[in-house]
Amino acid sequence: MKYKEALVIDETTLGTRDSKGMWVPNRRCDFGPLFARPTRLVSIVRWFVRDYLISMHLLYFAVAWAVWTWATPSRETMAQLAPGWMLVVLGRNLLVVIAWFGAWHLRLYRRQAQGTATKYNAKFPQNSQRFTFGSQLKDNVLWSLASGVPIATAFEVIGLWLFSSGRIAWLEWTQHRVAIVAIALLIPIWRELHFYAIHRLIHTAPLYPRVHALHHRNTNPGPWSGLAMHPLEHVAYFSAMAIHWVVASHPVHMIFNQMHLIMAPVPGHAGFEVIDLGRGTFDTHGYAHYLHHKYFEVNYSDGVVPLDRWFGSFHDGSPDALKNLRSKRSISVAGNTQ
Ligand SMILES: [Zn+2]
Ligand SMILES: [Zn+2]
């Protein structure tokens, strides 16, 4: 095959494939050194610069900055609620989603540019009647564009109006530089805490079948699965942006929060461990969430705060973690049948 000659990665050096074709990376899921004990300051500084600062967070911030600078109406316009500027915000959010999700899908799934190299599930998604329109792709695009983007935009429009009309605190760069930088650095961590809380909630008995099961139809997820959620899950998910209604910040913080919410699910659902870019590679860190889609009750969040480890739902991808999960499940099945 032509793509194999041009690949930088060799999946056999990075992991192993089992008899069912499932690829397991050698590297274990982890949370980095921030909350590791004992505290290692040098590791934390190195991790902060290499993995937290110069990372996808920076890309999401750059998109937020560009959107705020070049594709957001003026403060005067947004001080009044009016359909014209709201549609502009909706349109640019649709463009961001179509470009970002579309680029990943095109390269990895339509062109299959790296075949199945480091793809966790060796099969590409097939059409199935469990999806709307009988197609995973059409289903995922529908929920993302018809529900996800409008609901995200509704949260953004409310925030922009509250900022512009003076109803909530707008921190000016000239007076609050340290606070503005600190808040921007905390936003990815806020997102993890918020996502963990709502994700545990929608895995409870009354909400799972009515709300979250729609997202979990994607047992072999692709980039567009990231925002394929029930509208009520979208409301809960994007409510992370409502923190700016009560905590003083700058509108660019809120847009960064939103771009993070919109864009981060793509690498997490891409289905590949390493993206081959021809001259280099890019790690998705998607295995923890892939395991969530495979085993459901593990890895409710992933990132830097080890919430799953603290609350006993962490699966690091190792054979031991799988053995533990199986024994837990057999205990609970035995308990239910008694
Ligand atoms: Zn997911
Ligand atoms: Zn879930």
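Bear in mind that the values in this text are calculations on the coordinates, not laboratory data. Values in this document were obtained by computation on a predicted structure and should not be read as measured data. Note that we place each Cβ from the backbone using ideal geometry, even for glycine, and neighbour counts take in every protein chain shown.
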Helix 177-202: inclination vs the chain longest Cα principal axis, degrees, rounded to 10, gives 50
Rounded to the nearest 500 deg cm²/dmol, what is the calculated helix-only ellipticity per residue at 222 nm for the chain, with -39500 (n - 2.57) per DSSP H run of length n ≥ 4?
-15000 deg cm²/dmol
Could you give the length gained on full extension between Leu277 and Leu53, defined as 0.36 nm per residue of separation minus the Cα-Cα distance, in nm?
78.5 nm
Select from the range 230-338 those trypsin sites (Lys or Arg not before Pro) which occupy a DSSP coil region and have at most 11 other Cβ atoms within 10 Å, ordered by residue number.
Arg279
Using DSSP to call loops (not H, G, I, E or B), can you name the trypsin sites (Lys or Arg not before Pro) in the range 107-208 whose Cβ has at most 15 other Cβ atoms within 10 angstrom?
Arg111, Lys123, Arg130, Arg167
Two pseudo-spin positions, 7 Å from Cα along C-beta at His216 and at Leu325, lie apart in nanometres by 1.2
With +1 on each Lys and Arg Cβ and -1 on each Asp and Glu Cβ, and nothing else charged, work out how big the dipole of the chain is about its Cα centre, in Debye to the nearest 20.
600
Can you give the angle from 0 to 90° between the axis of helix 56-70 and the longest principal axis of the chain, with both taken from C-alpha atoms, to the nearest 10?
30
In the range 134-241, chymotrypsin sites (Phe, Trp or Tyr not before Pro) in a DSSP loop with at most 11 other beta-carbon atoms within 10 Å
Trp173
Using alpha carbon centroids, what distance separates the range 6-30 and the range 55-98, in Å?
38
Starting from 0.36 nm per residue, how many nanometres of slack lie between Arg177 and Leu94 once their C-alpha separation is accounted for?
26.8 nm
Sort Val8, Val67 so that the residue with the fewest other Cβ atoms within 10 Å of its own Cβ comes first and the one with the most comes last.
Val8, Val67
Percent relative contact order for the range 180-338, counting Cα pairs under 8 Å at least six residues apart, stands at 22
In the structure shown, do any of Lys20/Lys294; Lys123/Lys323; Lys294/Lys328; Lys123/Lys328; Lys119/Lys294 have a Cα-Cα gap over 20 Å, and if so which?
Lys123/Lys323; Lys123/Lys328
For the residues Thr13, Thr39, what sequence is obtained by ranking on other C-beta atoms within 10 Å, fewest first?
Thr13, Thr39
Residue by residue through the range 251-264, what is 3J(HN,Hα) from phi via Karplus (6.51 cos²θ - 1.76 cosθ + 1.60, θ = phi - 60°)? Round to whole Hz and write x for glycine and proline.
x, 5, 4, 5, 6, 4, 4, 5, 5, 5, 4, 7, 8, 4
Which far-off residues, 5 or more places away or on another chain, put their amide H under 5 Å from the one on Gly15, with H placed in the peptide plane?
Asn26
How would Ser55, Ser74, Ser164 line up from fewest to most surrounding beta-carbon atoms within 10 angstrom?
Ser74, Ser55, Ser164
Can you run phi through the Karplus equation (6.51, -1.76, 1.60; θ = phi - 60°) for the range 278-290 and list ³J(HN,Hα) in whole Hz, with x for Gly and Pro?
x, 9, x, 10, 9, 8, 7, 6, x, 5, 4, 6, 4
